[in-house]
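The values are calculated or read from the model by the stated rules, or taken from the named source; none is laboratory data. Predicted model, so just to flag it, every value in this text is computed and none were measured. A quick note on method: Cβ atoms are made from the backbone with ideal geometry, for glycine too, and the neighbour counts reach across all protein chains shown.
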C-alpha cells in the first residue's frame with residue numbers, strides 16, 4: 001500500500017523536521033570530534049595515559065562518521081521514501 005500524498009503544510013513540516021534532524025546530527029558529530037581530539041592531545045582529562053589517545057581517536061572517528069556519512073545515508077533514505 002502506498003501512503004496518501006501530503007498536503008503542502010505537512011510537507012513543509014516534514015522537511016523542517018528533517019532539516020533540524022540533519023543539523024543536530026552534524027552538530028553533535030562536530031562536538032564528538034572536538035572532544036575526541038581534545039582527549040587525544042590531553043586537554044580533556046577524562047581518561048589518562050595511552051588509553052586516552054585511543055579512546056579519543058575512536059570518539060573523533062565516530063564524530064567524523066556522524067558528520068560525513070550519516071546525513072548522506074538519512075537523506076538518501078528519506079528521498080527514496082522507505
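Summary table below
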item	result
Residue in the range 14-23 that is surrounded by 15 or more Cβ atoms within 10 Å (Cβ to Cβ), modelled with pLDDT of 85 or more, under 21 Å from the mean Cα position of the chain (by Cα) and part of a helix (DSSP H, G or I) present	yes
Candidate set from the range 42-67 (those that are free of Cβ contacts under 8 Å to residues at least 12 places away in the same chain and not in a loop (DSSP other than H, G, I, E, B)); member that is surrounded by the most Cβ atoms within 10 Å (Cβ to Cβ)	54
Boolean, residue 30 is surrounded by 12 or more Cβ atoms within 10 Å (Cβ to Cβ) and not in a helix (DSSP H, G or I)	no
